[in-house]
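Reviewing the structure listed below.
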Amino acid sequence: MPVRAEVWAEKYRPKRVSDLIYYRKKNQEALQKFVSWMKQWLAGTPPTKRAALLYGPPGTGKTSLVHAFAREHGLVIFEVNASDQRSGERIMRVVEESSASRTLTGAGRVLLIDEVDGISPREDRGLYGALVKAIPKSRVPIVMTANDPWSRSGMRPLLQLCELIKFERRSERALIRILEEIARKEKVSIDKNALKALIKKEEGDLRSAINDLQALAALGRHITAEDIERMGQRVREYEIFEYLRRIFYAKSIKKARALISSSPVDPDMLFEWIYENIPQVLTDPRDLVRAMWALSEADILRAEMKQRQYWTLLKYVIDLMMGGVAAAFRYSKPPGFVPMHFPERIRILAKTKREREKLREIALRAKPVFHVSTRRFLTRYLPYLRVICSNDPKARNSLAQALQLTDKEMDFLIGKTREVEEKRPAKRVRRRARRRGSRA
């Protein structure tokens, strides 16, 4: 019976914290921060923030650090993958089971939740809510890992409960040293140029580079850079902030267009992200004009594509919103680090979603009565009806009867609820002033 080959990425995973030599320069601060946070638990004085979030690009050693520390201090790890666990009840059960401070053998526990950015606060409310409730009550350290925790909107409550520890990509020299050591131990003959090509292909992801090295070793001969090229390019999904920077600072239209295969969001959402953040990057008005022209042309084509179902136009939309924006960068000086912001338009639409749903529901009732589309009713008819019904009670009653609307729905339709909400704060201020005056 053939012996099953051991996965090299697991075989050469660091066994102790001191084995993480390649952290020394770039991630030294992150390593020390995590170790000091864990030592507070070991000393019996849990830190204020009972969860730690290790975040950074894949393959930077986040999970390896947790396993190395646990092995070194005799801790038992309860590991959960947040992308796979979609039930809030299930993850709460795992948290409760691991919350006992000791196992039967007396060993301490650590709860490790991988890929926490794989959950959506909207789509996976039960799971997300379970985590937010469990962290403040936990009697054991909860360690979470993520590539980009800010890629999901609405995760701020969870992030506020965590000790945030950032990991960065390691240098090429450090990665080459690690891969050379593995190749020597496994008796794999490989060129240094091939190692450089492998690291470039995997963009600093050590785990993926080790997996590819193991696959190449099956050739049973000397490995060259040509062998790396023949493997093809791995389709990689970037975190949204890094992805935007790659688009804005792409050196050619071709390179900018090629990034679409690794987009972390759909083309419509990507358009909103680019539109929101491009003014911060293109500081020269001439560049900004060209970029906005490309985006406006992309927006026109996007509307045409959706209206007429001409999906072949999508490639031109991508060319304009990615290649056009990258080509606009001529006179602007690189501003250094620029924080990217979540699209404001999407934020506003999310806040007014309930109101828009109510209006659409009313418009659907009005459609057979007025013999018009819902859009035409909302844009052409509703503004006049609001004015008429606000000044004529009989017209208001007639419209309510025709559309079978309640008094609350009519108030909402003509905008009265908004006026009442705006007046409430002013009334409260006047009441407080009167009370203070009477006390005096």
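The values are calculated or read from the model by the stated rules, or taken from the named source; none is laboratory data. Because the structure is a prediction, the values reported are computed rather than measured. Positions of Cβ are generated from backbone atoms using ideal geometry, with glycine treated the same way; all protein chains shown enter the neighbour counts.
Summary table below
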item: Hey, LYS201 under 20 Å from LEU219 (Cα atoms) and either surrounded by 20 or more Cβ atoms within 10 Å (Cβ to Cβ) or in contact with a helix residue (DSSP H, G or I) (Cβ under 7 Å, 6 or more places away or on another chain) (or both) or not; result: yes
item: Search result, residues across the stretch 260-269 that are assigned to a helix (DSSP H, G or I) and either surrounded by 22 or more Cβ atoms within 10 Å (Cβ to Cβ) or of a type in the set (Val, Ile, Thr) (or both); result: ILE260
item: Residue in the stretch 349-357 that is exposed (fewer than 12 other Cβ atoms within 10 Å of the Cβ), at pLDDT 85 or above and over 24 Å from the mean Cα position of the chain (by Cα) present; result: no
item: Residue within the stretch 31-52 that is modelled with pLDDT under 85 and closer than 26 Å to ALA174 by Cα present; result: no
item: Residues (in contact with a strand residue (DSSP E or B) (Cβ under 7 Å, 6 or more places away or on another chain) and assigned to a loop (DSSP other than H, G, I, E, B)) located in the stretch 48-60; result: LYS49, ARG50, GLY56
item: Tally, over the stretch 286-305, of residues that are surrounded by fewer than 17 Cβ atoms within 10 Å (Cβ to Cβ), under 21 Å from PRO343 (Cα atoms) and not small (Gly, Ala, Ser); result: 5
